[in-house]
Every structure is written in C-alpha cells, then in structure tokens.
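Here is the structure we will look at, set down as structure tokens.
The values are calculated or read from the model by the stated rules, or taken from the named source; none is laboratory data. Here the structure is a predicted model, which means the values were calculated and not measured. Counting neighbours? That spans all protein chains shown, and the Cβs are built from the backbone with ideal geometry, glycine included.
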Amino acid sequence: MISVQDLVKKYGSFVAVDHLSFEVERGELFGLLGPNGAGKTTTISVLSTLLPADGGTVVVAGCDVGRDPGGVRRRIGMVPQEIALYEDLSARDNLRFWGQLYGLSGSSLHTRVDELLEAVELTEHGRQRVSRFSGGMKRRLNLAAGLMHGPEVLFLDEPTVGIDAQARSKILDLIRRLNDDGLTVLYTTHYLEEAEQLCDRIGVIDQGRLAALGDKDELIRQIGDEDTIRFVLPPEAFDDLVAAAAAWGAIGDPEIRRGRVVLRVVDGGRALPQLQAWLEARDLPLAHLEIERPNLENLYLNLTGRALRETT
Ligand SMILES: Nc1ncnc2c1ncn2[C@@H]1O[C@H](COP(=O)(O)OP(=O)(O)OP(=O)(O)O)[C@@H](O)[C@H]1O
Ligand SMILES: [Mg+2]
C-alpha cells in the first residue's frame, strides 16, 4: 500500500531524509518512531505530496507521488502534527470545509459530517466553536478532518502530542478501530510506548535514516539477547573497569551515561557476580544497580545513544 525506496529529502544541503526504505501492507498499522528532528514529518510530507522528493521512489495506494500527486491525494488522508482547524468556526463547519475541499456536497457531505462527528465522539459539540475545545477535542476533530473523503490510507503525524493520558488513549482507541475497519495507517511518534502498544510493525528512524525495522519481536531479536547492567561507580575507577570488563563477557567498552556506567554483556547472570567480586576487591559499593533484559527501550538507546524520553 505504501512503498518507499531510497527516499532522499534535503533542505538546502542538509539531508533530512537519507535513503529511507520501507513498505507498508494494505490494512497494516505501521509506526515510524524517532526522536525530535529524526525526519518523521519530512517523510510523511513527501509521502502525502506536500514536499517533493530529492531522490528515490515513493508509491502510495498505487500512485507515484512524483508522477501522480493528484491520485495520491485522493486516496490518502493527512492529519498534520500542527492542528489545521479554523478556531472561529464550529466543529461541524470545519468538517464541512474539508469535505467541500474534497468535492463533497449536499446530503453526502451532511451525512459524512454526522458520521465523523459521531466516530470521534464530538456529536454533542458539533455546533461549538473550535476555539473553545480542549487539546484532545481538537486532536480528534483534526483526525476527523483527515477522514472526510474516505481515504484508503491515513497519515497521522504525532497525533497525541500535548494532550493528557485520557485524551491520548481515546485517540489511540479511535485509530485502532479505524484500522480494524480496514484503513491502512502510517503513524509517527516519538513515544516508544505508543508505537509498541499500537503498531503492527515499527520503523525506527534517526537522523533521517532507518535504524531498525520489524515487529516488536523482530526488533528485539535484532539487538541480540545481550543484557545491560547499569550502576554508579566512582569516576576514578572507570578506567580499571574498562580493562576488567572484557573478561566478564562485555560487548564493547562500558560507557557512562547520565552518571551511570552502562555495561552490555552476553549474560547478566554470569557477569554480575564477577562485577561484584571486582568491586569488593576494591572496597567499592555496588550502587543503583539495574539489570535489563533486551527490550525496545534498549534497542532505541543502542541505536541512537539517546532515550526517547529525553526528547519529550
Ligand atoms: N523547512 C525546513 N528547513 C530546514 N530544515 C528543516 C526544515 N524542516 C525540517 N528541517 C530539519 O530537518 C530535520 C527533520 O525534521 P522533521 O520535522 O522531519 O523531524 P521530526 O522527526 O518530524 O521531528 P519532531 O518530532 O520534532 O516533529 C530536522 O533537523 C529539522 O531541523
Ligand atoms: Mg515532526
């Protein structure tokens, strides 16, 4: 349904999307996960024909974005990161506006507006001005606007940013329901938990490049089954630790991140007693110890050297 091959997009000489490739099947809920500035909005903008590509091939719903942008636009819905609604108009009039833009009129327009207000649970607020809506309500209406013309594919660019947990779970439920009804969804987020909960498959994007791709289990498999040990160590002991760690099955050199040593090992159960003995021999405490089995959070950290949380 979506095929992206070797996509390149530059702003001047800055490469924002760097040879990105991925496919999304019909009916799939695909998540593009990455930190701020990773290139998510840029990618979705090219896929939805808002920006021209500088290289590569993008086909959406059977139409090439470069050769048949009109065909793409008819088949896709776009829910932008920045809310695109008229604050002074009512919810209903906003939807009417988008519907008319897509060529709907008369009773089909009316019916569609009613259906979508119902779907996003805003029927009771249909006549209210958007300026009086909460953030969550605006997000839901923004989503409805992208669905007015009954698209086959829906692009959602961080649709839950800046709203509370309850409003967020409402939006996620709605997206899940739309997907259950057959809509293909491309969803961008910098929230790992959202991608993990919501998406069938995830592409991790960082600095314009695809860092990993697959379903949750595949992604975890890609990082292998190494364990991560974190603890606090007096800085003067760090060099000695680096020298010792290889013998405990360390993978790469230990690093210091956010004040803690991060030690990746083949087998945490085997390495830990060795670490303890090493500390005891130096009369050092084992402080703030944490052992982690592979999980998506680790994957992300390993791929980008940053936690997604730090970017929120
Ligand atoms: N119009 C522009 N001109 C120049 N650089 C841009 C422009 N738009 C985006 N960029 C840069 O391109 C990179 C990718 O930006 P993009 O908005 O696609 O990231 P993003 O993943 O959507 O981030 P966010 O989570 O903050 O929305 C960033 O480094 C950004 O600063
Ligand atoms: Mg963005």
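Selection of the range 167-183 for residues being assigned to a helix (DSSP H, G or I) and acidic (Asp, Glu) yields 173, 180. Of the candidates 106, 71, 62, the single residue that is more than 30 Å from residue 18 (Cα to Cα) and either away from ligand 1 (no atom under 16 Å from the Cβ) or over 28 Å from the mean Cα position of the chain (by Cα) (or both) is 106. If you go through the range 155-166 one residue at a time, do you hit one that is on the phi < 0 side of the Ramachandran plot, part of a loop (DSSP other than H, G, I, E, B) and among the aliphatic types (A, V, I, L, M)? Yes, because at least one residue in the range 155-166 is on the phi < 0 side of the Ramachandran plot, part of a loop (DSSP other than H, G, I, E, B) and among the aliphatic types (A, V, I, L, M). Evaluating residue 165 against the criteria (1) under 17 Å from residue 120 (Cα atoms); (2) of a type in the set (A, V, I, L, M, F, W, C); (3) surrounded by 13 or more Cβ atoms within 10 Å (Cβ to Cβ) leaves one unmet condition, (3).
Pick out the one residue from 213, 186, 172 that is more than 16 Å from ligand 2 (Cβ to nearest atom), assigned by TED's automatic domain parsing to the domain that holds residue 62, under 20 Å from residue 43 (Cα atoms) and in contact (Cβ under 8 Å) with a residue 12 or more places away in the chain. Just a single option satisfies the conditions, and that option is 213. The residue pairs whose first member lies in the range 69-81 and is within 25 Å of residue 160 (Cβ to Cβ) and polar (S, T, N, Q), whose second member is within 16 Å of ligand 1 (Cβ to nearest atom) and in a helix (DSSP H, G or I), and whose beta carbons are closer than 8 Å, counting only pairs six or more residues apart or on different chains, are 81/41. Please verify whether residue 27 is in contact (Cβ under 8 Å) with a residue 40 or more places away in the chain, within 16 Å of ligand 2 (Cβ to nearest atom), closer than 22 Å to residue 215 by Cα and in the same structural domain as residue 153 (by TED's automatic domain parsing), treating the condition exactly as stated. Criteria not met by residue 27. For residue 80, are the conditions met, namely being within 13 Å of ligand 2 (Cβ to nearest atom) and either of a type in the set (Asp, Glu) or in contact with a His (Cβ under 6 Å, 6 or more places away or on another chain) (or both)? Here the answer is no, as residue 80 does not meet what is asked. Counted as qualifying within the range 5-102 are the helices (runs of 4 or more DSSP H) with 1 or more residues that are at pLDDT below 95, namely 69-75, 91-101.
Can you find a residue that is free of Cβ contacts under 8 Å to residues at least 24 places away in the same chain and out of contact with any helix residue (DSSP H, G or I) (no Cβ under 9 Å at 6 or more places or on another chain) anywhere in the range 46-58? Among the residues of the range 46-58, not one is free of Cβ contacts under 8 Å to residues at least 24 places away in the same chain and out of contact with any helix residue (DSSP H, G or I) (no Cβ under 9 Å at 6 or more places or on another chain), which makes the answer no. Answer yes or no as to whether residue 150 is at positive phi and either surrounded by 15 or more Cβ atoms within 10 Å (Cβ to Cβ) or at pLDDT below 95 (or both). Judged against the criteria, residue 150 is a match.
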